[in-house]
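The values are calculated or read from the model by the stated rules, or taken from the named source; none is laboratory data. Quick caveat, the model's predicted, so the values are computed rather than measured. Neighbour counts are summed over all protein chains in view; Cβ atoms, including those assigned to glycine, are modelled from backbone coordinates with ideal geometry.
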Amino acid sequence: MSIGALLACGAQQEVEISATSQALTKFDCQGSLCNCKDPGNDTYCNNDAITIPDSTYVVYDYSGGSRYVLAYVELRHSNHCKTNWSKVTFPNGPASTKVWLATTSGSKISCTKYPSSGYVTVVNAHGDMYFGVTRACAYVPTSYGSVNACTADYDSNKNY
């Protein structure tokens, strides 16, 4: 075998090792080990995130007799991490909000709230993750008062 062939094999082997170690650190938790952690930089669970099909709760408002979308409340899910988290988006600009996950009985899972107290004015926000059957909720101010908008319940242990 030539020296060039040996070097090419060595380089290929280094790339494979590098790709393997990167795959091992891509996700840092799974299931209940992800509870109360950020799906982004803390865990990378957002790398395979989806909005659970048919889970989006749309909040409408009215202006000048016309109805328009004020906010989307979504239940986000990672198949790899087996966790859910809430997300709210205001397509027409920033609004004062907070997001959280709730149990099937409607109780807030306090460690999933964002912000942890008060409200934040943003275009979109997400809460921390939780393993189990949950629903996504968000506080949404409207012209007719504020609402706590929640999705239906979904099991984080399922693949979607």
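For the reader, a short list of remarks on this structure follows.
- Count of the range 46-66 residues which are under 21 Å from Gly106 (Cα atoms) and either among the β-branched types (Val, Ile, Thr) or part of a strand (DSSP E or B) (or both): 6
- For the range 88-104, the candidate set comprises residues that are touching a Phe, Trp or Tyr at 6+ places or on another chain (Cβ under 8 Å) and in a strand (DSSP E or B); within that set, the residue that is surrounded by the fewest Cβ atoms within 10 Å (Cβ to Cβ) is Ser96.
- Scanning the range 64-102 for residues being under 15 Å from Asp128 (Cβ atoms) and among the β-branched types (Val, Ile, Thr) gives a total of 3.
- Checked against (1) surrounded by 15 or more Cβ atoms within 10 Å (Cβ to Cβ); (2) not in a strand (DSSP E or B), Lys113 meets all criteria but (2).
- For the residues Ala125, Ala136, the requirement of being in a strand (DSSP E or B), free of Cβ contacts under 8 Å to residues at least 40 places away in the same chain, within 21 Å of Asn46 (Cβ to Cβ) and under 14 Å from the mean Cα position of the chain (by Cα) singles out Ala125.
- Criterion (of a type outside the set (Ser, Thr, Tyr) and under 15 Å from the mean Cα position of the chain (by Cα)) met by exactly one of Ala95, Ala149, Ala102, Ala71: Ala102
- Filter pass, Ser86 being in contact with a Cys (Cβ under 8 Å, 6 or more places away or on another chain) and modelled with pLDDT of 95 or more: yes
- In the range 7-40, the residues that are in contact with a His (Cβ under 9 Å, 6 or more places away or on another chain) and either surrounded by fewer than 10 Cβ atoms within 10 Å (Cβ to Cβ) or modelled with pLDDT of 90 or more (or both): Gln30, Asp38, Pro39
- Given (1) at pLDDT 95 or above; (2) in a loop (DSSP other than H, G, I, E, B); (3) loosely packed, with under 15 Cβ neighbours inside 10 Å, index of the condition Val69 fails: (2)
- Screening Thr43 on (1) out of contact with any strand residue (DSSP E or B) (no Cβ under 7 Å at 6 or more places or on another chain); (2) surrounded by 16 or more Cβ atoms within 10 Å (Cβ to Cβ); (3) of a type in the set (S, T, N, Q); (4) part of a strand (DSSP E or B) shows it passes everything except condition (4).
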